[in-house]
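The values are calculated or read from the model by the stated rules, or taken from the named source; none is laboratory data. Bear in mind the structure is a predicted one, so any value in this text is a computation, not a measurement. Every residue, glycine among them, receives a Cβ derived from its backbone with ideal geometry; neighbour counts consider all protein chains shown. We work out accessible area using only protein heavy atoms, side chains counted, and drop any ligands, DNA or RNA first. Shrake-Rupley method; radii C 1.70, N 1.55, O 1.52, S 1.80 Å.
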Amino acid sequence: MSISRRCVLTLAGGLLLAATAGVQAADKKITLGFAQVGAESEWRTANTQSIKQSAKDAGITLKFSDAQQKQENQIKAIRSYIAQKVDVIAFSPVVESGWETVLQEAKAAKIPVILTDRAVSVKDDSLYVTFIGSDFVEEGRRAGKWLLDNYKGQGDVNIVELQGTVGSAPAIDRKNGFEEVIKAQPRFKIIRSQTGDFTRAKGKEVMEAFLKAEGKKINVLYAHNDDMAIGAIQAIEEAGLKPGKDIIIISIDAVKGAFEAMIAGKLNVTVECNPQLGPQLMEAAKAVVAGKQLPKRIVTKEGVFPMEVAAKEFPNRKY
């Protein structure tokens with residue numbers, strides 16, 4: 001065989017090997033490790049369903065864990081994903097702080113991390129690739145703006161607040177956004193504020209305590225999520241008051257349960273927080289594995305739904 005022909009065959013063989021390797025890389029199935037907060041609300045259940053279905057639709061192998069609202073369980077899950085050498089790690093952090101060490105471990109293992117729904121507070125933001133989720137401060141602002149624009153009563157307005165999980169990004173930000181807006185009118189005052197842990201049962205329990213302490217002095221309830229508001233509605237009714245009339249109720253998430261409460265006249269408004277983050281997460285996972293640059297912050301689009309539009313909007317709700 002001539003030298004020139006051997007070179008051509010060698011080159012062709014090299015190109016064939018390279019092409020085969022490229023196809024194999026393209027065909028490589030992505031494994032995503034996801035550490036979920038828990039199953040504390042309708043919103044979280046919808047969020048989990050979105051992630052599981054979207055992974056299936058995208059052909060991504062999903063390793064899923066439920067932290068039962070405990071940070072130590074999420075850290076344990078993330079370490080397990082690092083040990084399993086998954087391609088991407090994603091999680092919705094229970095609280096904002098305390099993630100530096102485990103995220104450093106993921107970085108050392110060269111496994112990219114994507115945050116969904118909630119942010120973390122870290123000095124080095126290179127520890128995660130991107131954060132996909134809502135603007136919780138803006139949600140709080142929208143709740144406050146609706147109240148200022150729509151409250152009809154005169155004189156001081158006494159507000160009780162059901163906060164989300166202590167130290168979590170939505171609890172911190174929804175409180176800050178709401179307070180930022182209502183401080184423009186000093187007659188609107190938060191007289192009681194306590195965590196209800198984003199759960200229906202705790203929302204009812206804390207609202208019962210508010211009613212015992214303040215009774216008919218309460219004009220408005222601001223709940224950081226719909227589940228706590230729905231629990232509180234039960235407590236208000238058991239106290240012989242009419243939710244939505246005797247006490248104006250504002251909540252956040254816009255789950256189906258909130259629309260049902262609005263249609264029944266028991267909830268005045270819900271500010272949307274879209275749980276359907278699965279498709280965006282899978283797109284981001286594929287992009288980061290392909291070596292593409294992602295924006296540090298991907299914000300979801302959302303609206304505000306007052307009682308008056310609930311019946312018309314309800315058939316459109318997917319969660």
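Being open to solvent by less than 80 Å² (accessible area, probe 1.4 Å), of a type outside the set (A, V, I, L, M), at pLDDT 95 or above and touching a Gly at 6+ places or on another chain (Cβ under 9 Å) is not true of Gln36. The residue list Gly155, Gly167 contains one member that is surrounded by fewer than 21 Cβ atoms within 10 Å (Cβ to Cβ), within 20 Å of the chain's Cα centre (by Cα) and within 30 Å of Gly215 (Cα to Cα), which is Gly167.
Conditions tested, residue by residue: (1) open to solvent by less than 30 Å² (accessible area, probe 1.4 Å); (2) under 25 Å from the mean Cα position of the chain (by Cα); (3) of a type outside the set (A, V, I, L, M).
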site: Ala254; (1), (2), (3): yes, yes, no
site: Pro275; (1), (2), (3): yes, yes, yes
site: Ile298; (1), (2), (3): no, yes, no
site: Met307; (1), (2), (3): no, yes, no
site: Phe314; (1), (2), (3): no, yes, yes
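Of the helices (runs of 4 or more DSSP H) lying entirely inside region 251-319, those containing at least 1 residues that are in contact with a helix residue (DSSP H, G or I) (Cβ under 7 Å, 6 or more places away or on another chain) and free of Cβ contacts under 8 Å to residues at least 60 places away in the same chain span 256-263, 310-313.
Number of residues in region 168-226 that are aliphatic (A, V, I, L, M), assigned to a helix (DSSP H, G or I) and within 15 Å of Ile250 (Cβ to Cβ): the value is 3. Residues in region 89-122 that are outside any loop (DSSP other than H, G, I, E, B), open to solvent by less than 30 Å² (accessible area, probe 1.4 Å) and over 21 Å from Thr61 (Cβ atoms): Val102, Leu103. Can you pull out every residue in region 167-186 that is in contact (Cβ under 8 Å) with a residue 40 or more places away in the chain and among the polar types (S, T, N, Q)? Hit for region 167-186 is Ser168, nothing else.
Scanning region 192-199 turns up at least one residue that is over 25 Å from Lys318 (Cβ atoms), among the polar types (S, T, N, Q) and crowded, with 17+ Cβ neighbours inside 10 Å.
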